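A.B. asks: First, the structure itself, so that you have it in front of you.
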Amino acid sequence: MVSNRGGHFIESALDYEKKWIVKWSESKIFEADPNPSKPKFFICVPYSYQNGPLHIGHGFTFTRGDAYARFKRMQGYNVLFPWSWHWTGEAVAGTSERLKQGDQLIRKVLLEIDGVPNEIIDKFTDPAYISKYYTEENRKVVRAIGFSVDFRREFYTTDLHPYYSKFITWQYLTLKKKGYVTMGKHPVVWCPHCKSATGDHDRLIGEGVSPEEYTLVYFRMDDVYLAAATLRPETIFGVTNIWINPNHEYVITEVDGKKLLISKKAAEKLSQQKKNVKIISQVDPKKIIGKIVETPLTGVYIPLLPAEFVDPNFGSGVVYSVPGHAPYDYAGLLTLKKKVAEVDEYNIRNIVEKIKPISIIKVPDYGDYPAVEIVEKMKIADDKDPRLEDATREIYSKEFHSGILKENCREFSNQKVSEARENVKQKLIEEGLGDIMWELPEKVVCRCGTECLVKIVENQWFLKYSDPEWKKKVKEHIMTMKIYPEEARQWFLNVVDWLRDWACTRKTGLGTKLPWDPEWIVETLSDSTIYPALYTISKYLNRGDVKPEQLTPEVLDYIYLGIGDPAKISAKNKIDLKLLKTMREEFLYWYPVDMRISAKELVPNHLTFYLFHHVAIFDEKLWPRGISVNGMITIEGEKMSKSRGKFIPLKTSIIKYGADTTRCTLLLAAEDMDDPDWREKNAREVKLMIEQFLRVVEEVAKAPLVDETPVDKWLMSRLQRRIKNITTYMETLKTRKACHEALYGMYSDWRWFLRRTNNTISRTAVKFIEDWIKLLAPFIPFTSEEAWSILGKEGFVSVEPWPIVLGELINPEAELAEELIMKLMDDIRSIMDVLEKKPNRVIVYVASENKLELLEEALNIIKENEQKSLGKLITRIMEKLPGREKQAVALARALLDTVSSLISTYKHKTIIDAAKNEEEIYKRAAEFLSNELSTQIQVFKEGTIGLYDPLKKAETALPLRPGIYIE
RNA sequence: GCGGGGGUAGCCAAGCCUGGUCAAAGGCGCAGGACUGAGGCUCCUGUCCCAUAGGGGUUCGUGGGUUCAAAUCCCACCCCCCGCACCA
């Protein structure tokens, strides 16, 4: 067990961050034990592979998880947020191997990017040491960034860990028992030199290339079959001849009792894919040119012709020719017809002349012979033209997606090309006239420099994800889960559909041995599916209450499945009965997992496997309840890459900016499945904002308080809206919006408040600040704790109750009044801008009472028929204000604008009341406005006797839209 | 190719599901002003084009369509990112 010692903190940028790490740790507030009086919430993130330092990409996902955990904790849930480390896999072993071989590049990356100290790097030749080293390092980072983890439950994977492998052993025995693990074979990209599968990361050339399935089609020539490899077996109805390359070596081999004629290279390849491949004899290809062979299924006799475009290193080195539908084949014929000498040498002139394309596929946009058409259209003259690749791709794709076999295709006639392909293949194999051959579509070269080929690995263990019943259960469960964002749900469903059996064992690397076949190790993605269940009991194991060897399958059967008699199990395994029952209860208390948060790259693999395994093993009510996925980090707009230096360890940004700034910058970077972009500039801005927040709190803490200010009601009302929004956003994992509103939204309200009160702070305003601190606590917990203590509060804000909306404090009247003031200020300003001169004074004319009816009219009209409201309102205005017909249109439009902007936020009555109080509202704000605008503001009501109104602006006044005169 | 996501003003990035309140939130950058010994920080104002009274014009990848009304709905197209298996 990796020790759980504290005290080794990395240097954070900020002293107060270090302080709170210690306080949290000492107070144990994040350690979670079952508490029947509280609702539980189990949240987790996938553990990270320990082959390098945690980087800001991890930071993004994990901070979302932590923010959510903190939010739920403040909401009163008993939150379990555990942590562990993934050691399983082959990559670390690869690093060790490369280091042993003296690979300077890997050494450089380890030293310079990962920051491994020079004096210990030689120990990295031991894979286990690497994972151990990073686990120790990364634990410090997890603490430093303030994740609210219950560290008592920590573990790491593989059989290097005393009890993890016991858990995996139980898991695989259970899966096997239920029939979800089967044995089979599968093709892999293989290095003949290294004698191992060559994964993407182990390749010099050919990243992303995977084996493709070709069909071998057998053309009989006496007792030998020419085995042509094709991606399009359905085209054998259009075959006119066979191509071989006369300038290369061909052999006759015996495969499964049949004699096949293929290129020498193909025979070597095939020997990796089939048992008992024997080379019987060499064949001189020149000597068989012109011979006639029999087509399978149709029995048609066709000739064997020479073609240089046939690559003997690809496929079987034998190609059957379909000139009507394959551009290469048609071009091959054209070429051959021009090579008079060669044709005569083989004495095949007669044969060649007679060959005509055969049309077998109907396809839109083309006639009977698409290959002929495209070759002619592109003016391709011979089979060496590189554009044949494009032509082939075009025809291939077109025919696959929209082609239908014609009447001359026997029982396959009228089938879609996409269906017929599979059917013809099956038929050929059934009849013993075909087989499957795997081939790499592009060259792949192993890191060792050897060219790779495809090998069929035998006796491989698979997880049977193809099982339709299993799939069905998983899909049904996906339909009922909480998935954020919603778009991910369809993705999951697609993945389940598409998933094939998964090779779940490996021969090399770190991991846990397959219990019934210990020469295999359970593969990395397959040993990390239901481990959240282990968290529920791991604290007892870490404490030594249960010894690893006591974790037998029957003990785990009881804890996780409730199978067996606890008394007997207790006696047999010498586990205290009470403890055994406690573990069962604790598992049932925490399970299921309520929320798992991860990057979207894990949707097609880990997260889906996670669902499959839970569905396979546990009772339905223990299946995962929620998943949230997020995007993947880019750095300054570019993809993360160690070799290009686009890599920022979390530790680096914590040291540079502090933990809270790092957290907040990440959270603000993206939402849903969008990819967050880390920009140093953003981090600097966020840091300033956090400092500003702390300054605000300090000022409030010192400020003399008044009992009340006129905008308190407004402030409290705004606060309620903010609480509501932030809470809703958090509930749906909209962490960016939530964090943004908590930081910037709250700040903008606070600024307006200070402006309006001329920096006077009331007791109510302190309440606003308190809630602000709480609302920020999930995102910037260190700063929030610090702020909480600056305010003189006891305890930890991390465990304070989350603010709830107090309905009685929602005050639309107050909000609308402020909105009117802002609007008036804007209007006055925009006029001042146009005037471009310093005004002496501004007079505001509030509409007279008799215009209130117009407002009401406008509200009703909009409500009832939004379509012709303008016309109606114009009519009403003309009735109401006779003699003002000229202005009616403008007035109506202005009124409608004003009203329609308010109607969605405020109730009818609120708007009317505000209009009634309009004069009062402006008069109360007159001093404020005068200061803001640096001029004298006077407020009068339209119709006041002796009103000073040189521009007749009072007449233009409408309710909620006063007339303005500037001089 | 298949599947998923996306293209919004100088940049980043909301809005799109539930059409009108959108010239379009917020942040940055830039400009002006306040504060300051000066700066930094902070605060205010402006930042598509035109306009000497709160106005008008043209914008949300491209092209069509639906609608009284479209960044928002529908169709087609172009472009970008991610995953596609034995790799964590």
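Coordinate-derived values only; no laboratory data. The model shown is predicted, which means the values in this text are computed figures rather than measured ones. So basically every Cβ, Gly included, is an ideal-geometry build from the backbone, and we count neighbours across all protein chains shown.
A.B. asks: Karplus couplings for region A:519-525 from phi (6.51 cos²θ - 1.76 cosθ + 1.60, θ = phi - 60°), rounded to Hz, Gly and Pro as x?
C.D. replies: 6, 9, 10, 5, 5, 4, 6
A.B. asks: Hey, another quick one. Among A:THR125, A:THR95, A:THR157, which comes first, second and so on when ranked by fewest other beta-carbon atoms within 10 Å? Mind dumping the intermediate values first?
C.D. replies: Details: A:THR125 15, A:THR95 21, A:THR157 29.
Ranked by crowding around the Cβ, least crowded first: A:THR125, A:THR95, A:THR157.
A.B. asks: If you plug each phi of region A:415-420 into the Karplus form 6.51 cos²θ - 1.76 cosθ + 1.60 with θ = phi - 60°, what whole-Hz ³J(HN,Hα) values come out, in order, with x for Gly and Pro?
C.D. replies: 7, 5, 4, 4, 7, 4
A.B. asks: Let me ask something else. Where does region A:468-622 land on Rg/Rh, using Cα atoms and the Kirkwood Rh? The partial results should precede the final answer.
C.D. replies: Numbers: Rg = 17.3 Å, Rh = 17.3 Å.
My calculation of the ratio gives 1.00.
A.B. asks: Hey, another quick one. Mean residue ellipticity at 222 nm from the helices of chain A, using -39,500 (n - 2.57) per DSSP H segment of n ≥ 4 over the full residue count, to the nearest 500 deg cm²/dmol? Show your work: numbers first, answer last.
C.D. replies: On the way: 35 runs with 422 residues, N = 967.
Only helices count here, giving -13500 deg cm²/dmol.
A.B. asks: At 7 Å along the Cα-to-beta-carbon direction for both A:SER37 and A:TYR129, put a label point, then send me their distance in nm to one decimal.
C.D. replies: Here the answer is 5.2 nm between the modelled labels.
A.B. asks: What number comes out for the charge environment of A:PHE462, summing +1 per Lys or Arg and -1 per Asp or Glu over other residues with Cβ under 10 Å away? Kindly include the intermediate steps, with their values, before the conclusion.
C.D. replies: Details: positive: A:LYS185, A:LYS464, A:ARG500; negative: A:ASP501.
Counting the neighbours of A:PHE462, the net charge comes to +2.
A.B. asks: Along the Cα-to-C-beta direction of A:LYS581, a point sits 7 Å from the Cα; which residues of region A:504-541 have their amide N less than 19 Å from that point?
C.D. replies: Taking a point 7 Å out along Cα→Cβ of A:LYS581, the residues of region A:504-541 whose backbone N falls under 19 Å are A:537, A:540.
A.B. asks: Right, here's the next one. Taking the 0 to 90 degree range and rounding to the nearest ten, how far is the long axis of helix A:577-590 tilted relative to the main principal axis of chain A, both from C-alpha atoms?
C.D. replies: With both axes taken from Cα atoms, the answer is about 70 degrees.
A.B. asks: Choose one of A:THR88, A:LEU820, A:PHE928: the residue whose Cα lies farthest towards the positive end of the charge dipole of chain A (beta-carbon charges +1 Lys, Arg; -1 Asp, Glu; about the Cα centre).
C.D. replies: Value computed over the given set: A:THR88.
A.B. asks: Helix A:852-864 versus the longest principal axis of chain A: what angle, 0 to 90°, nearest 10, using Cα atoms?
C.D. replies: Helix A:852-864 sits roughly 20 degrees off the main axis of chain A.
A.B. asks: Right, here's the next one. May I ask you to derive the FRET efficiency for A:LYS384 and A:MET479 from their Cβ-Cβ distance with R0 = 51 Å, giving the value to the nearest 0.05? Walk me through the numbers on the way to the answer.
C.D. replies: Numbers: r = 55 Å, r/R0 = 1.07.
It comes to 0.40.
A.B. asks: How high is the relative contact order of chain A, in percent, with contacts defined as C-alpha pairs under 8 Å that are six or more residues apart?
C.D. replies: Values: 1690 pairs, mean separation 129.0, N = 967.
Answer for chain A is 13 percent.
A.B. asks: Please list the radius of gyration and Dmax for region A:595-730, considering alpha-carbon atoms only, with Å as the unit.
C.D. replies: Rg and Dmax of region A:595-730, Cα atoms, are 21.1, 64 Å.
A.B. asks: Could you give the nm distance between label points at A:LYS274 and A:GLU430, where each point is 7 Å from its Cα heading toward the beta carbon?
C.D. replies: Distance between the two pseudo-spin positions: 2.1 nm.
A.B. asks: Taking amide H positions as placed 1.01 Å from N in the peptide plane, with prolines and chain starts having none, which residues 5 or more places from A:SER762, or on another chain, fall under 5 Å of its amide H?
C.D. replies: A:VAL706
A.B. asks: Multiply the residue gap between A:ILE563 and A:GLU213 by 0.36 nm, knock off their C-alpha separation, and tell me the result in nm, one decimal place. Before the final figure, lay out the partial values.
C.D. replies: Values: separation 350, 0.36 × 350 = 126.00 nm, distance 4.49 nm.
Gain on extension, A:ILE563 to A:GLU213, equals 121.5 nm.
A.B. asks: Suppose R0 equals 51 Å. What FRET efficiency, 1/(1 + (r/R0)^6) with r the Cβ-Cβ distance, do A:LYS108 and A:THR728 give to the nearest 0.05? Could the numbers behind the result be given before it?
C.D. replies: Numbers: r = 48 Å, r/R0 = 0.95.
So, using R0 = 51 Å, E works out to roughly 0.60.
A.B. asks: What are the trypsin sites (Lys or Arg not before Pro) within region A:359-399 that DSSP puts in a loop, where the Cβ has at most 16 other Cβ atoms within 10 Å? Before the final figure, lay out the partial values.
C.D. replies: Details: sites: A:LYS362, A:LYS377, A:LYS379, A:LYS384, A:ARG387, A:ARG393, A:LYS398; in loops: A:LYS379, A:LYS384, A:ARG387.
Here the trypsin sites (Lys or Arg not before Pro) that fit, given the DSSP loop and packing criteria, are A:LYS379, A:LYS384, A:ARG387.
A.B. asks: With the crude spin-label approximation of a point 7 Å out along Cα→Cβ, what separation in nm comes out for A:ARG684 versus A:GLU920?
C.D. replies: 5.1
A.B. asks: What would the Debye formula give as log10 I(q)/I(0) at q = 0.05, 0.08, 0.10, 0.11 Å⁻¹ for the alpha-carbon point model of chain A, no solvent?
C.D. replies: -0.49, -0.94, -1.14, -1.26
A.B. asks: Return the percentage of antiparallel bridges among DSSP beta bridges fully within chain A, rounded to the nearest 5 %. Walk me through the numbers before you get to the answer.
C.D. replies: Values: 64 of 94 bridges.
Antiparallel bridges make up about 70 percent of those DSSP assigns within chain A.
A.B. asks: Nearest 0.05, what FRET efficiency do A:LYS177 and A:ASN494 give at R0 = 22 Å with Cβ-Cβ as r? Numbers along the way, then the final one.
C.D. replies: Numbers: r = 30 Å, r/R0 = 1.36.
Taking R0 as 22 Å, the efficiency between A:LYS177 and A:ASN494 is 0.15.
A.B. asks: Also, I was wondering about something else. Charges at C-beta only: +1 for Lys and Arg, -1 for Asp and Glu. How large is the resulting dipole of chain A about its Cα centre, in Debye rounded to 20?
C.D. replies: Numbers: 139 positive and 139 negative charges, 251 e Å.
Dipole of chain A, to the nearest 20 debye: 1200 debye.
A.B. asks: A further question on this structure: Given the Cα-Cα distance of A:LYS909 and A:GLU442 and 0.36 nm per residue of separation, how much length would full extension add, in nm?
C.D. replies: Numbers: separation 467, 0.36 × 467 = 168.12 nm, distance 7.25 nm.
Here the segment from A:LYS909 to A:GLU442 would lengthen by 160.9 nm.
A.B. asks: Just rank A:LYS455, A:LYS443, fewest to most, by other beta-carbon atoms within 10 angstrom. Each step should come with its number before you reach the end.
C.D. replies: Numbers: A:LYS455 24, A:LYS443 12.
So the residues, fewest neighbours to most, are A:LYS443, A:LYS455.
A.B. asks: State to the nearest 20 debye the size of the charge dipole of region A:710-848 about its Cα centre, where the only charges are +1 on K and R beta carbons and -1 on D and E beta carbons.
C.D. replies: Values: 20 positive and 19 negative charges, 72 e Å.
The dipole magnitude comes to about 340 debye.
A.B. asks: Can you give me the angle between helix A:532-542 and the longest principal axis of chain A, using Cα atoms only, in degrees from 0 to 90, rounded to the nearest 10?
C.D. replies: 80
A.B. asks: Give me A:CYS409, A:CYS194, A:CYS739 sorted ascending by neighbouring Cβ count inside 10 Å, so fewest comes first. Show your work: numbers first, answer last.
C.D. replies: Numbers: A:CYS409 22, A:CYS194 15, A:CYS739 31.
The fewest-first ordering by Cβ neighbours comes to A:CYS194, A:CYS409, A:CYS739.
A.B. asks: Go through region A:357-371 residue by residue and turn each phi into a ³J(HN,Hα) via Karplus (6.51, -1.76, 1.60, θ = phi - 60°); whole Hz please, and just put x for glycine and proline.
C.D. replies: Listing the rounded values in order: x, 10, 8, 10, 10, 8, 8, x, 6, 10, x, 5, 10, x, 5 Hz.
A.B. asks: Based only on Cα atoms, what mean projected area does the convex hull of region A:76-181 have, in nm²? Walk me through the numbers on the way to the answer.
C.D. replies: On the way: hull surface 39.4 nm².
That works out to 9.8 nm².
A.B. asks: Are there GluC sites (Glu not before Pro) in region A:236-325 that DSSP marks as loop and that have at most 15 other Cβ atoms within 10 Å, and which are they? Write out the running numbers ahead of the final one.
C.D. replies: Details: sites: A:GLU249, A:GLU254, A:GLU268, A:GLU294, A:GLU308; in loops: A:GLU249, A:GLU308.
Hits after loop and neighbour filter: A:GLU249.
A.B. asks: Now a separate question. How large are Rg and Dmax for region A:251-343 when calculated on the C-alpha trace, in angstrom?
C.D. replies: 14.5, 43
A.B. asks: Excluding A:TYR540 itself, what net charge comes from residues whose Cβ is under 14 Å from its Cβ, given Lys and Arg +1 and Asp and Glu -1?
C.D. replies: Details: positive: A:ARG152, A:ARG153, A:LYS166, A:LYS539, A:ARG543, A:LYS547, A:LYS578, A:LYS581, A:ARG584; negative: A:GLU31, A:ASP33, A:ASP150, A:GLU154, A:ASP545, A:ASP576, A:GLU585, A:GLU586.
Local charge sum for A:TYR540: +1.
A.B. asks: Counting Lys and Arg as +1 and Asp and Glu as -1, what is the net charge of the other residues whose Cβ lies under 13 Å from the Cβ of A:THR298? Can you show the working numbers first?
C.D. replies: Numbers: positive: A:ARG220, A:ARG410, A:LYS427; negative: A:GLU234, A:GLU294, A:GLU411, A:GLU431.
Local charge sum for A:THR298: -1.
A.B. asks: Would you work out the relative contact order for region A:493-612, in percent, from Cα pairs under 8 angstrom that are 6 or more residues apart?
C.D. replies: Details: 99 pairs, mean separation 30.4, N = 120.
It comes to 25 percent, rounded to a whole number.
A.B. asks: Turning to a different aspect of this structure: Expected output is a single nm value to one decimal: the length gained when fully extending between A:ILE831 and A:LYS337, i.e. 0.36 nm times separation in residues minus the C-alpha distance. What is it?
C.D. replies: Details: separation 494, 0.36 × 494 = 177.84 nm, distance 8.55 nm.
Additional length available on full extension: 169.3 nm.
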